[in-house]
1. Residue under question is A:Ser91, and the condition is that it be more than 16 Å from the chain's Cα centre (by Cα), of a type in the set (S, T, N, Q) and either modelled with pLDDT of 95 or more or surrounded by 14 or more Cβ atoms within 10 Å (Cβ to Cβ) (or both); does it hold?
2. So B:Asp229 clears everything in (1) among the acidic types (Asp, Glu); (2) closer than 23 Å to D:Gln238 by Cβ; (3) under 22 Å from the mean Cα position of the chain (by Cα) except one condition, right? Which one?
3. For the stretch B:69-87, what are the residues that are closer than 15 Å to B:Thr24 by Cβ and not aliphatic (A, V, I, L, M)?
4. Here are some conditions: (1) crowded, with 20+ Cβ neighbours inside 10 Å; (2) touching a residue at least 40 places away in the same chain (Cβ under 8 Å); (3) not acidic (Asp, Glu). D:Leu230 meets all but one. Which one does it not meet?
5. Mind checking which pairs have a first residue in the stretch A:256-284 that is of a type in the set (Phe, Trp, Tyr) and a second that is in a strand (DSSP E or B), Cβ under 9 Å, 6 or more apart or different chains?
6. Please name all residue pairs, on different chains or six or more residues apart, with Cβ atoms under 7 Å, provided the first residue is in the stretch A:176-202 and is modelled with pLDDT under 95 and the second residue is outside any strand (DSSP E or B) and basic (Lys, Arg).
7. Of the conditions (1) surrounded by fewer than 17 Cβ atoms within 10 Å (Cβ to Cβ); (2) part of a loop (DSSP other than H, G, I, E, B), A:Thr100 clears all except one; give me its number.
Number of protein chains: 4
Amino acid sequence: MASIQKKIIFLIQCEDRKGILAATATWFYSRSYNILHCQQHTDNNEGRYFMRIELDMKDLQTTRKELEDDFSLFAEEYKLQWKCRYSDYKSRVAIMVSKTSHCLYDLIARNNEGDLNCEISLIISNHPDLELIANQFRIPFYYLPITPETKQSQEEKVRSLLTRFDIDLVVLARYMQILSSDFTRAWQGKIINIHHGFLPAFQGANPYLKAYQRGVKMIGATAHYASEDLDQGPIIEQDVVRVNHELTPNGLRDVGKDVERRVLARAVQAHLESRIIIWKNRTIVFDVEG
Amino acid sequence: MASIQKKIIFLIQCEDRKGILAATATWFYSRSYNILHCQQHTDNNEGRYFMRIELDMKDLQTTRKELEDDFSLFAEEYKLQWKCRYSDYKSRVAIMVSKTSHCLYDLIARNNEGDLNCEISLIISNHPDLELIANQFRIPFYYLPITPETKQSQEEKVRSLLTRFDIDLVVLARYMQILSSDFTRAWQGKIINIHHGFLPAFQGANPYLKAYQRGVKMIGATAHYASEDLDQGPIIEQDVVRVNHELTPNGLRDVGKDVERRVLARAVQAHLESRIIIWKNRTIVFDVEG
Amino acid sequence: MASIQKKIIFLIQCEDRKGILAATATWFYSRSYNILHCQQHTDNNEGRYFMRIELDMKDLQTTRKELEDDFSLFAEEYKLQWKCRYSDYKSRVAIMVSKTSHCLYDLIARNNEGDLNCEISLIISNHPDLELIANQFRIPFYYLPITPETKQSQEEKVRSLLTRFDIDLVVLARYMQILSSDFTRAWQGKIINIHHGFLPAFQGANPYLKAYQRGVKMIGATAHYASEDLDQGPIIEQDVVRVNHELTPNGLRDVGKDVERRVLARAVQAHLESRIIIWKNRTIVFDVEG
Amino acid sequence: MASIQKKIIFLIQCEDRKGILAATATWFYSRSYNILHCQQHTDNNEGRYFMRIELDMKDLQTTRKELEDDFSLFAEEYKLQWKCRYSDYKSRVAIMVSKTSHCLYDLIARNNEGDLNCEISLIISNHPDLELIANQFRIPFYYLPITPETKQSQEEKVRSLLTRFDIDLVVLARYMQILSSDFTRAWQGKIINIHHGFLPAFQGANPYLKAYQRGVKMIGATAHYASEDLDQGPIIEQDVVRVNHELTPNGLRDVGKDVERRVLARAVQAHLESRIIIWKNRTIVFDVEG
């Protein structure tokens, strides 16, 4: 959709201090940038300041490199941590799956409809079941099975594929394997997982069975960045659905698929639209706009 | 999934009267049927009684025809309106679309995952845009364009396709054309439409623009049976999502797609699982179980 | 509101078996009772059958005692566990609080508006702070402080008050003390607690701080029957509210008050309307109607 | 709660233009104010810019009058519309009711718990029914009945009471009378009404009956500023609750009370916390924080 306004997005965080907003806004204004949108958050407990700025790309009078070099001088002075993204760049995404297809279908369909600004570059699975779907959509599919003996070598193959395909974001769309600490550390803030439970409740395996046994009246799903500790990474998005006594563990699983789908999709979309800042084990997720 | 219990489902309605539950339950018991599940509703305003009964199909000792003939004698005596369905029958569904793909993708994906007990037998559109998707999933696609002059003849072609493909249910998955009264009358209770507004608010065209202009804080979608009067048929399912001042009419439309998808899917699923009884302009939708 | 239809309500559970619905419905029909409403649930995993029946009280041609004696013969034959309630009886409720008033205010206000069919007979607290509210509404207030030494004797005083006031239901409306096993066993199924967290997440103290630290995107509340094991009793009702990074632990607490209020109120209402059956550690909560 | 940080809040709107954020942030910074919180919104359709700024009151080195005079020079230069509020000021609120008490109780209880930063200065009703509640909480109560002949003179009495009590905000907490255009014009942006329907659906009288007849699957409530046109003013807050076929119009009304309560409370709270800007017939409602 060529008509859509192109944007430069800055994600900034720093220690909170007087004048940071004035300085930043003035910096952009003095270089003739129109701030289309500015979102901020101050965590007074932590004394931490967070900011997301959208600029109109048509105000860009230099190369991207020059803008970034220029800004990095300012950032150094004010001790800012920052990232800069351009909305005309399509992130390259790898989806990892096992046997369940609902999240995979959903992400592909949303991307085809133009709702996710990305290219789904490859699908990796430890099972062959979903190759058919990959073929339907002409997405490269890699079947990399796992046995206790091959776990490490399989992961090496995965990581080398991610490098080869120049991947920006990995989405674990119901990938039922645990990644090594090495992997999650190297890809920190770049792997999104969907957990089929309302974390921190029902960590680990079989959350729907646990939910049934505990007799909960709502079930949920949680999308989070993968971290070394299973199901402990920074939460991006959660949602729930009301259930009642009529549902068996299988019934809960069926009902839960819908929540998993939309929670994962929202988290991936927020990441791809550069609306997330991670701080310690929490996320600032700025509101969608437009 | 051959292991799933096969069921016979009776949907019954009648004038409310003492003893109707006892008589019905006894009728099935005396023929050695185990009632797996029984849901009822009495509308005391209307003096109307509604019932959904699930029997275990392995208790069926006669032909289906014999069961139905036998029950019809009982039904006559008690003046019951009724339908009988067998869970091993896959309903044949036609999906009608225009240019927007999100509901179509969603229904196909859910059916492929086994969440809808149906066969999507054909896709009909007044635009050629979505043929690619039909091809991807090897579903017959019929492009039947409409001009003011051809509106009637196009509808005749549609209806003849529905007959030829032996269709049980038509789903208007964002089909942006109005059906004739003749059509909706002939297919009463067999056409489900998704309206991208929270009916009865925002009837007619451009509901997201109207929602923006009115400054609402939630937007919604409504699935209903098509009737002669546009957007006036019996409502099956509704849902909403919270929005804020950040969203333009286009933003509302994007956010609304998710609600449309799941509202339509839930309505279609309820219909296919024989959980809906229509009475006047209202629906009784029995809870999902299992 | 004298005009409201009076009802007799039976709550029944038993091992599932063929013909139980026919037998029960026929039993009432043969005694000329009109079944106003019948709700059922079969737990196929557990092989357990649950039923709630509403009869029109004007069909009662015997004393209540005679009805119950008569039914108990039938129940014995079919091995039913059952309870019988009459909607013209106002349950006597004791509310226990500490210092926080929002749930107390809410329950009193709802009862004054006629939304809970009960009499709030007394308020007990381990702090004097809320006596003013009790006085405003002319409800007896007992201040029974607790020290580590007096914990047991305080509880004895509480229990003797409950007996003296002929209490049917105890509501822990943010009572920040743990009851003894003796107490919860003796009052099993008759004490409802509100936990300010989405159980089983955030058990124990300070759930809002824990929720903040974990960075969850929704917070919730859980109403459950008190049991020996803290925060482990059968869940009656849960709800959540969406939160974001703007909220500190105190902000979460403020936002959470609204969820606590309505979750507790709904649970108490379901109990008072005899819509709950407990089975093992789960509840069947039949839908509200009317 | 004396320990809570005192704040100065600016609500600003103007035509959108480059540099407005830089200029405003710099203005406050140059006068040594710490911006605790800054929220913005740009409506690109309308070319309109909206801003809410929270300053730390302990940075105030002048009188309030001096600050406002100083800022008004800046505002004139940049053509800003603005308001300035101080969080240590308790707004004076009048509540108008008819016979229904649930919203009244709820607002009083929330205020007593410290959740609304206001003083409920008086209650006005066209019926005597709720005087008891006013007395319980020692709030002045004025019974001003209405007949077709006295409608105008009654309204004059109401308006003179609002003046006499120096009222900042009028809350119509289920006041079942229509105010004159004169009144709503004079009090524009200062009267909040709760409508017991999901506007724009079910305008006018008896929304629950209409909702029943239309067979909707969710009912809602809408809080909005009163305007000349009935039920047409700027919407502040909406919410819904899922309902099913079991509920009669009276049942819907009972279920709806809960939504009315919390929608009205959230709207009043947003107004009292100076989080709302009105523009044409829409509201910008900035997120709660803290």
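1. Criteria not met by A:Ser91.
2. All conditions pass for B:Asp229, except number (2).
3. Scanning the stretch B:69-87 gives B:Asp70, B:Phe71, B:Ser72, B:Phe74, B:Glu76, B:Glu77, B:Tyr78, B:Lys79, B:Gln81, B:Trp82, B:Lys83, B:Cys84.
4. The one condition D:Leu230 does not meet is (1).
5. A:Trp279/A:Gln13; A:Trp279/A:Asp43; A:Trp279/A:Arg48; A:Trp279/A:Phe50
6. Correct list of pairs: A:Pro200/C:Arg214; A:Phe202/A:Lys210.
7. (1)
One line per residue, one yes/no per condition, for (1) of a type in the set (A, V, I, L, M, F, W, C); (2) part of a loop (DSSP other than H, G, I, E, B); (3) more than 30 Å from A:Tyr105 (Cα to Cα); (4) out of contact with any Asp or Glu (no Cβ under 8 Å at 6 or more places or on another chain):
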{"position": "A:Thr24", "(1), (2), (3), (4)": "no, no, yes, yes"}
{"position": "A:Cys38", "(1), (2), (3), (4)": "yes, no, yes, no"}
{"position": "A:Ile53", "(1), (2), (3), (4)": "yes, no, yes, yes"}
{"position": "A:Lys58", "(1), (2), (3), (4)": "no, no, yes, yes"}
{"position": "A:Phe74", "(1), (2), (3), (4)": "yes, no, yes, yes"}
{"position": "A:Cys84", "(1), (2), (3), (4)": "yes, no, yes, no"}
{"position": "A:Val93", "(1), (2), (3), (4)": "yes, no, no, no"}
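The values are calculated or read from the model by the stated rules, or taken from the named source; none is laboratory data. It should be emphasised that the depicted structure is a prediction, and the values quoted were computed from it without experimental measurement. Heads up, the Cβs are rebuilt from the backbone with ideal geometry, glycines too, and the neighbour counts pull from every protein chain shown.
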